[in-house]
Structures are given as C-alpha cells and as structure tokens.
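Peer 1: Mind looking over this structure? Questions follow.
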Amino acid sequence: MRKVLGADLLEGRSSLRLRLSDNALVDVEAAHSAVHTAESQIALQHWKQAWAPAQVALFITQREFLPGQSAPWVDDERRQLEDVALRALQAYAVASLRSGGTELPAAVRAGRRLVQLAPLHESGHQVLMRALAREGNVAEALKVYADLQVLLREELGVSPSVVSQRVFDDLLRD
C-alpha cells in the first residue's frame, strides 16, 4: 500500500529530508550529464555519438521542474534547466546537421527553434543557415543571415560575428 503525505501531516515542520538510495536516478542530474556528454562528443567531432545524449537532455528538460511549486531555489533550478535545454538543442542541431542525410530536416527544425528561443545566440543562426543550404535552400539560408544582420544592428548596433560572416561567405561561394 502506498502512503501519501498530505499538507496536514507536514504542519509545523520547517523542512523535510528525502533520502534516496545510491542507485536512484535523478532526472535533473541525468540531463546535466547528458548535455555534457553531447557537447564533449561534438568537440571530438563524433556527431552520431552526440545525437542520443542531446535527445536525452532535451526530453528531460521539456518537463517542468517541480510543477506547482514556488521557491527561490526552485526558480534557480528552472533557470539552470532552461540553459541545459538550450545547450541540448544546440548539440542536437549540430549533431543532426553533421550527421546529414535523413537528419537534415531535424537540424533545420532545431535551428529554427534555437533562433526563436535565443535570437541573439548567433550559433543558432549559423546551424540554421548551414542546414538550409545543405537541403538546397540557399536563398532561405541567406535570408536567415539578413535577418540576423537586422536584429543585431537594431538590438545592439553591431554586425554579425566573424564566424557568421564566414558562413554567409560560404553560402555565396557555394
């Protein structure tokens, strides 16, 4: 029989302690570990080995951390998980792009999501441009660069980075 603790049983307590077994899986820790693994595999240019851990981190971070709860530490953890989610999406996009083939549409979708979630992160624009170009949509990739130029000029008064400019130049050459 499962015993449920209600708020009435916690009255008068200022804290609780949860003791987990040594082999308990904590999904938040798994997400942090998975995104680290994905990023490490990308750094080693092991694109296919980065794909699955990036997916694991994405799936975990799509769930809300402690739904219905509110506390400063909960908000901090949620912010950290948002960062993990963004890093996982970036790793997934790059792994999909570099794997190519049937993963190119996934790279485009992930690139679009990156641009939507973090418009000032140029790396999202870069992966989206490369993925679109690999699919044969060079004009659309050039439009992504033009949109990035406008965004950076209007928001920050700057031009795209050297890396983004290099991706643009590669698009023009190809």
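Peer 1: Can you find a residue in the range 98-118 that is in contact with a Pro (Cβ under 7 Å, 6 or more places away or on another chain) and outside the structural domain of Glu29 (by TED's automatic domain parsing)?
Peer 2: Let us first name the residues in the range 98-118 that are in contact with a Pro (Cβ under 7 Å, 6 or more places away or on another chain), namely none.
No, the range 98-118 contains no residue that is in contact with a Pro (Cβ under 7 Å, 6 or more places away or on another chain) and outside the structural domain of Glu29 (by TED's automatic domain parsing).
Peer 1: If you check Ala43 against the conditions, is it within 28 Å of Leu148 (Cβ to Cβ) and surrounded by 15 or more Cβ atoms within 10 Å (Cβ to Cβ)?
Peer 2: Working: within 28 Å of Leu148 (Cβ to Cβ): yes; surrounded by 15 or more Cβ atoms within 10 Å (Cβ to Cβ): no.
Answer is no for this residue.
Peer 1: Check Val35, Val56, Val94 and return the single one that is touching a helix residue (DSSP H, G or I) at 6+ places or on another chain (Cβ under 9 Å), within 30 Å of Ala146 (Cα to Cα), of a type in the set (A, V, I, L, M, F, W, C) and at pLDDT 95 or above.
Peer 2: Details: Val35 fails: within 30 Å of Ala146 (Cα to Cα); Val56 fails: within 30 Å of Ala146 (Cα to Cα).
Going through Val35, Val56, Val94 in turn, just one is touching a helix residue (DSSP H, G or I) at 6+ places or on another chain (Cβ under 9 Å), within 30 Å of Ala146 (Cα to Cα), of a type in the set (A, V, I, L, M, F, W, C) and at pLDDT 95 or above: Val94.
Peer 1: Report, by residue number, each residue of the range 141-171 that is touching a helix residue (DSSP H, G or I) at 6+ places or on another chain (Cβ under 9 Å), outside any helix (DSSP H, G or I) and farther than 14 Å from Val115 by Cβ.
Peer 2: Val158, Ser159, Ser161
Peer 1: For the range 114-125, state whether one or more residues are touching a residue at least 12 places away in the same chain (Cβ under 8 Å), assigned to a loop (DSSP other than H, G, I, E, B) and surrounded by 15 or more Cβ atoms within 10 Å (Cβ to Cβ).
Peer 2: Taking the range 114-125 as the starting set, the residues that turn out to be touching a residue at least 12 places away in the same chain (Cβ under 8 Å) are 114-115, 117-125.
With the extra rule that they be assigned to a loop (DSSP other than H, G, I, E, B), the set shrinks to 118-121.
Of the ones still in play, those that are also surrounded by 15 or more Cβ atoms within 10 Å (Cβ to Cβ) are 118-119.
Checking the range 114-125: at least one residue is touching a residue at least 12 places away in the same chain (Cβ under 8 Å), assigned to a loop (DSSP other than H, G, I, E, B) and surrounded by 15 or more Cβ atoms within 10 Å (Cβ to Cβ).
Peer 1: While we're on this one: Keeping to the range 93-108, report how many residues are under 19 Å from His32 (Cβ atoms) and touching a Phe, Trp or Tyr at 6+ places or on another chain (Cβ under 7 Å).
Peer 2: 1
Peer 1: Moving on. Any idea which of (1) under 20 Å from Ser164 (Cα atoms); (2) part of a helix (DSSP H, G or I) is the one Arg79 doesn't satisfy?
Peer 2: It is condition (1) that Arg79 fails.
Peer 1: Before we move on, is Trp73 part of a helix (DSSP H, G or I), on the phi < 0 side of the Ramachandran plot, surrounded by fewer than 17 Cβ atoms within 10 Å (Cβ to Cβ) and of a type in the set (Phe, Trp, Tyr)? Show your work before the answer.
Peer 2: Working: part of a helix (DSSP H, G or I): yes; on the phi < 0 side of the Ramachandran plot: yes; surrounded by fewer than 17 Cβ atoms within 10 Å (Cβ to Cβ): yes; of a type in the set (Phe, Trp, Tyr): yes.
Taking the combined requirement at face value, the residue satisfies it.
Peer 1: What number of residues within the range 18-53 are within 14 Å of the chain's Cα centre (by Cα) and among the hydrophobic types (A, V, I, L, M, F, W, C)?
Peer 2: 8
Peer 1: Being without any contact (Cβ under 8 Å) to a residue 12 or more places away in the chain, surrounded by 12 or more Cβ atoms within 10 Å (Cβ to Cβ) and either under 22 Å from Ala38 (Cα atoms) or of a type in the set (D, E, K, R) (or both) narrows it down to one of Glu135, Glu82, Glu140, so name that one.
Peer 2: On the way: Glu135 fails: without any contact (Cβ under 8 Å) to a residue 12 or more places away in the chain; Glu82 fails: without any contact (Cβ under 8 Å) to a residue 12 or more places away in the chain.
Answer to the selection: Glu140.
The values are calculated or read from the model by the stated rules, or taken from the named source; none is laboratory data. Keep in mind it's a predicted model, so treat the numbers as computed, not measured. We place every Cβ from the backbone using ideal geometry, glycine too, and count neighbours over all the protein chains shown.
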